[in-house]
Amino acid sequence: MVVDSLTLNPLSGVTILGEKGYAISDRNGQFNLQIKKTQVFQVSHIGYARFKVRVPHTQSTTLFIKLKPSSTELDEVSVHGKTKERTVRETATVSVSIDEEFLHANRENSLIQTLSKIPGVGSMTIGSGQSKPTIRGLGFNRVSVIQNGIKHEAQQWGSDHGLEIDQYGLEDIRIIKGPASLMYGSDAIAGVVDILPQKVPGKNSFGGDVNLLGETNNDLWAVSAGLQSRKDKWYYRTRLTYRDYADFRVPTDKINYENYIFDLHENHLRNTAGREANFSVSIGRVGENFKFETVVSNVNAKNGFFANAHGLEVRSSNIDYDNSNRDVDLPYHKVNHFKVTHNATMYLGNHKLQLDLGYQNNHREEHSEPVPHGYMPKPPNSRERIFTKNTYTVNAKSLFKKNGGHTISVGLNSEFQNNNIGGWGYLIPAYDRFTIGGYFFDHFELNKNLHLQGGLRYDFGMLKINEHYDWFQTPRDNGDGSTFDIFLQRATNSTLDFGSYSGSLGLSYISGNTTYKFNVGKSFRMLLAHELASDGVNYHMYRYERGSLTLNPESSYQMDVDVSHSGNGYSFGVSPFINFFDNYIYLNPTSDYVETLQVYEYTQAKVFRTGGEVNAGVDVTANLHIYASAEYVFSRQNSGPKEGFTIPFSPPLIGMLSAQYLLGDFGMFKELNLKADLRAAAAQNEIVPPENMTDGYQVVNLALLGTLNLFDEQLPALLKVKLNNIFNTEYYDHTSFYRLIDVPEAGRNLSVSLTINF
């Protein structure tokens, strides 16, 4: 058995390696060795000093190994480093590290819904299988999602577009709250969800896992299987995931949309079923002073949209939406996201060189029932919109330590996007976008516990918008009573360029078990094609959207403070922030109408924001732990047509109370934990017209987690039984896409998941 020498807690993932034998400890710190002669084994683990132990060749020998925490080794290369916890404490930015255990214990229908358990992180849900992240009330292209060092690029500008990332097989995620554009680029103006590369497998190892999941609310079943192996230097990984689900249920039998009442058959939100099939494969190599890995992945999904969300035409549709709760009828979308990433790192003493390359192809089709609108005749097919986006990314970074406590980081990020469009419905133009940015960052260790950080960045971007004409003719008045027909031009050929500086300065002070952080920074976000040149009907929102070429890039100024403390059996933290946008961009409703649809125009305003998060945890007894958190954001427009109002999708005051009790072992079930969560939100009366206010709500969830020995006592299976919304509460999440059309969140849901490791 392997334990921490200070806490005596079991250590999982410890490598015990000998000349002709090896083992890896399980989550209980246990391992099994079969040897034919006496050997010396080297015991190693990230964040701990290497340890050598002589194992005699006897019929049965029990080993009890204590590893001492150390900051002299990192991974399997000879480079000086620090433990993850210590590195986070020394960093001035407000960040949260998520590990594999948290992901398993809190896994929901999508990755972002899983991460929404973190204070300050929200999920903009679209149906039962899709969501996108928000950080402190900001989302869309203001939050960068990074995977394997490459920014995930899809059609994330749309409120009804989810995130095409398989949440299975992920190990470590870092969430940065607040501006992080210094190292991640201009789209990280609100924060970052950084999905870190998986750990390198141990030498001469082979293993994998099978995840099984079933849910009652939408009759979901899912399976995900992963495999990894390594000999000496080379290793590989692979994973397959499939999900299939029916229409999800809501705690109401009627929906009121545009003063029309829609009856729901057996509480099913019709046409929200879907399917998802994902795969990934990677190959890597570890040397004495380098490592690299190439990952190829593909996410393919087909999801239905709640039929009534596309306007009132569904009343006259011939589609029988209630015939089956598993079929996907019109309207629906299908998306395929293909991604290739290559990460290479070289260690040269105190110098670290890193190169990240990426290619992504995002193909998205949105299908709607072909019906005439205005002067547009009935389309020939259901392909309303087609987006094909190719993204090429090159990131280079050099990090080196200098005498005097300086750790210098210099980096370059570049990206090229080519986005083509198709279909009979126009909303955004085809475009090419090129961005490049460079930064200089210095982490200065004034002494062991006092750290100063600061850096500068410059970004340049160029956006080329392609012209677009309607495929049908529209009559126009000559002025003398006669008319003529023309193909209306929706977008003109335009080339725009943007450039700006960003910077930050922060301080981190560690005093025993207390950490103090202070950070100020300026960041900016480049304009996107839909903000500049959209000019069409968004049927998912049943409105007409129009961009403006006169908009300016967003600039944001923010100050963050973070104080955290961990004691013997308790912890607490507080993270307030102040934020100012001098030109925040959003869609503003106007008094104009096109084809009976209200026109929304992209506009800018000065916006002041403040808020933060608090959290506290305590071990009431040896078996009972209680955790509480709260988050709040206040926003106010200080200029523009909605001066005095908040901004769209502003979350209300939200609190979370969680209690976890260790039940112990019961027969074949081991380490059973019972967990209860109460999520409470205040009413959101601070809105910007035409948003509607939302009432407060309280939702209770229960979960039972544990292990059981199915095939291998050294690798027990992980079991989770979860009951969400146990009282089938009808409530509205103010940041939900469907909230805009009076659709409540999902009702009661029982889920059972089993993870079998081998």
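What follows is calculated from the coordinates using simple rules that are stated; it is not laboratory data. What you see is a predicted model; the values in this text were computed from it and never measured. With ideal geometry, Cβ positions are generated from the backbone for all residues, glycine too; neighbour counts draw on all protein chains shown.
Remark: relative contact order (the stretch 84-757) = 11 percent; criterion is Cα-Cα distance under 8 angstrom and separation of 6 or more residues. With a cut-off of 20 Å on the backbone N, the residues of the stretch 601-620 near the modelled label site 7 Å out from L653 along Cα-Cβ are 609-617.
A straight line joining the Cα centroids of the stretch 673-731 and the stretch 107-167 runs 18 Å. Once Kirkwood radius over Cα pairs in Å is calculated for the structure shown, the corresponding label among (i) 33.0; (ii) 27.1; (iii) 27.8 turns out to be (iii). With neighbours defined as other Cβ atoms within 10 Å of a residue's Cβ, the residues D459, D480 order from fewest to most as D480, D459.
How would the stretch 351-409 be classified by its alpha-carbon gyration tensor: rounded, prolate or oblate, with rounded meaning a/c under 1.5 and the a/b versus b/c comparison settling the rest?
Prolate, because a/c is 1.5 or more and a/b exceeds b/c.
Full extension of the chain between D695 and A622 gives 22.5 nm of extra length, using 0.36 nm per residue less the Cα-Cα distance. Overall shape: prolate for the stretch 341-488, with the ratio a/c of the largest to smallest alpha carbon gyration tensor axis at 1.5 or above and a/b above b/c.
Taking a point 7 Å from the Cα of S324 along the Cα-to-Cβ direction, the residues of the stretch 225-255 with backbone N closer than 16 Å to it are 244-248.
Computed over the alpha-carbon atoms, the stretch 405-483 gives an Rg to Rh ratio of 1.42, Rh here being the Kirkwood radius from the mean inverse distance. The lysines whose alpha-carbon is closer than 21 Å to the alpha-carbon of K517, local same-chain residues fewer than 8 away aside, are K82, K84, K177, K448.
Our coupling estimate for the stretch 395-401, obtained by passing each phi through the Karplus curve with A = 6.51, B = -1.76, C = 1.60 and θ = phi - 60°, is 10, 10, 8, 10, 10, 8, 9 Hz, Gly and Pro reported as x.
Need the full-extension length gain, T294 to I726, defined as separation in residues times 0.36 nm minus the C-alpha distance. One decimal, nm. Spell out each step's value before the answer.
Details: separation 432, 0.36 × 432 = 155.52 nm, distance 4.33 nm.
Here the segment from T294 to I726 would lengthen by 151.2 nm.
Put in line by how crowded their Cβ is, counting other Cβ atoms within 10 Å and starting with the fewest, M656, M526, M668, M346 read M668, M346, M656, M526. In plain terms, the chain from F484 to V53 could stretch by 146.1 nm, reckoned as 0.36 nm per residue minus the Cα-Cα distance. Overall shape of the stretch 585-741 was characterised from the C-alpha gyration tensor. The equivalent ellipsoid obtained from it has semi-axes of 45, 18, 13 Å, in decreasing order. Eigen-decomposition of the gyration tensor built on the alpha-carbon atoms of the stretch 176-218 gives equivalent ellipsoid semi-axes of 33, 23, 6 angstrom, largest listed first.
Once each part is reduced to its C-alpha centroid, what is the distance from the stretch 465-490 to the stretch 377-454 in angstrom? Between the Cα centres of the stretch 465-490 and the stretch 377-454 lies a distance of 38 Å. Dividing the summed -39500 (n - 2.57) terms of all DSSP H runs of n ≥ 4 by the residue count of the chain sets its mean residue ellipticity at 222 nm at -1000 deg cm²/dmol. When D4, D232 are arranged by Cβ crowding within 10 Å, least crowded first, meaning fewest neighbours, the order is D232, D4.
Residues in the stretch 347-357 carry Karplus couplings, in order, of 10, 10, x, 8, 10, 10, 10, 9, 10, 10, 10 Hz; the curve used is 6.51 cos²θ - 1.76 cosθ + 1.60 with θ = phi - 60°, and Gly or Pro positions show x. Rg/Rh for the stretch 317-392 stands at 1.32; both radii use Cα atoms, and Rh follows the Kirkwood definition. So for the stretch 107-219: antiparallel DSSP bridges make up what percent, rounded to the nearest 5? So the antiparallel bridges in the stretch 107-219 amount to around 70 percent.
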